[in-house]
Each structure stands twice: as C-alpha cells, then as structure tokens.
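Right, one structure below, let's go through it.
The values are calculated or read from the model by the stated rules, or taken from the named source; none is laboratory data. These numbers were taken from a predicted model, which means no experiment stands behind them. So basically every Cβ, Gly included, is an ideal-geometry build from the backbone, and we count neighbours across all protein chains shown. These accessible areas exclude ligands, DNA and RNA; they are computed on the full protein's heavy atoms, side chains included. Shrake-Rupley method; radii C 1.70, N 1.55, O 1.52, S 1.80 Å.
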Amino acid sequence: MNLPPGFRFFPTDEELVVHFLHRKASLLPCHPDVIPDLDLYPYDPWDLPGKALGEGRQWYFYSRKTQDRVTSNGYWGSMGIDESIYTSSTHKKVGIKKYLTFYLGDSQTNWVMQEYSLPDSSSSSSRSSKRSSRASSSSKPDYSKWVICRVYEQNCSEEEEDDGTELSCLDEVFLSLDDLDEVSLP
C-alpha cells in the first residue's frame, strides 16, 4: 500500500461499517483503499501478518460472509456475543458486530475476531438491484455478502485475576515456577 508516513488506522465500529463496508457492498470506491480482500478461512490467525492491513497487533480485511469458518489447523467459533452498531448522530442501526474466537481442536486460543456485517435490510436493497443487473452480467460477485474482519491476539495481561489486579505474562511465568517448588520430585 502506498500510504503516507505516520498513517495510523484506528477506525471506530461505526466508521468500519459506514465508510468501508457499506461502500464495498454498494460497489463504491474507497480512497485510500486500505482494507484488502482476503479469503480468511484457509489461513490460521498467526499467518495474517503481511496478508491483511495491520495496525499494531490487529489485522483488518474484507472477507466473504460464511458459516464455515474452518482453517487447516482449527476453526473460528462464535462467542455468542452480537452487538448492534448505531450511528452516533441519528442512532440508526447500521451494522452488526459478531465476536468469534479461534480453537485448535477443543482448546480455545487467545485469538479473537470481530466480524462486522450490514443488517439484512441494508443488503436486501442492494440485492434487488443486483437481480436486475444479474441478467446482463452474471459474472459479477454479490458484494452484499461481504464482511469486515478485525483479528487480534488477546494478551494474557488483559485478563484480570479475581482480586482485580493485572498480571503480565512474565509475572504469570514466575508464579507458575513457584508452583513447581511445591511439587516433590521423585
């Protein structure tokens, strides 16, 4: 990407849906084109650096909406959390954010995906216009099925202990070494 020095990408949920996803679904150009298209599901989350727009330890990309979220080593499972996204000015519902976590077999990892989609009412109007244009050009993809994904690895320091204090990853390693002292070796 040809972006100016110092460029930072920290969009709000509303900005991701209104300024990026809605434009993609409506077949409108987005300048600068900073979010790449990526078929997510062949890739494990640790393979994303270099394939998607990265800002810090977060990666952004467009992908096709699908129920099959399986990679070669695991799968993305729903956390059961869906949030509606509203505009700050009119409080109109403009999108939905779904949370997923990556599993290796039966083990949950620290990898999290936020999947942004348009509400059904927004995509249905673009679907009807697509039906009429489909007769003239059947090779055009249906852009109303696009989502924006934000993938990141949740740090262990972000998790809170019962007393509310946060531990760094290094602190947790040292605490686990203390537990080894209590184990008697043969």
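Evaluate the stretch 3-11: report whether one residue or more is under 13 Å from the mean Cα position of the chain (by Cα) and within 17 Å of R150 (Cβ to Cβ).
The answer is yes, given that some residue of the stretch 3-11 is under 13 Å from the mean Cα position of the chain (by Cα) and within 17 Å of R150 (Cβ to Cβ).
Among the residues of this structure, S72 counts as one that is in a loop (DSSP other than H, G, I, E, B), within 19 Å of V151 (Cα to Cα) and either touching a residue at least 12 places away in the same chain (Cβ under 8 Å) or out of contact with any Pro (no Cβ under 8 Å at 6 or more places or on another chain) (or both).
Candidates L118, L104, L100: the one that is touching a residue at least 12 places away in the same chain (Cβ under 8 Å), farther than 16 Å from V147 by Cβ, of a type outside the set (D, E) and surrounded by 13 or more Cβ atoms within 10 Å (Cβ to Cβ) is L104.
Could you check how many residues of the stretch 78-97 are within 14 Å of the chain's Cα centre (by Cα), open to solvent by 80 Å² or more (accessible area, probe 1.4 Å) and within 21 Å of W146 (Cβ to Cβ)? Residues meeting the conditions: 1.
In the set (1) part of a strand (DSSP E or B); (2) in contact (Cβ under 8 Å) with a residue 24 or more places away in the chain; (3) of a type in the set (D, E), D39 fails one condition alone, (1).
Residue by residue through the stretch 28-77, note down the ones that are aliphatic (A, V, I, L, M) and surrounded by fewer than 15 Cβ atoms within 10 Å (Cβ to Cβ).
Of the stretch 28-77, the ones aliphatic (A, V, I, L, M) are 28, 34-35, 38, 40, 48, 52-53, 70.
Across the stretch 28-77, the qualifying residues are L28, V70.
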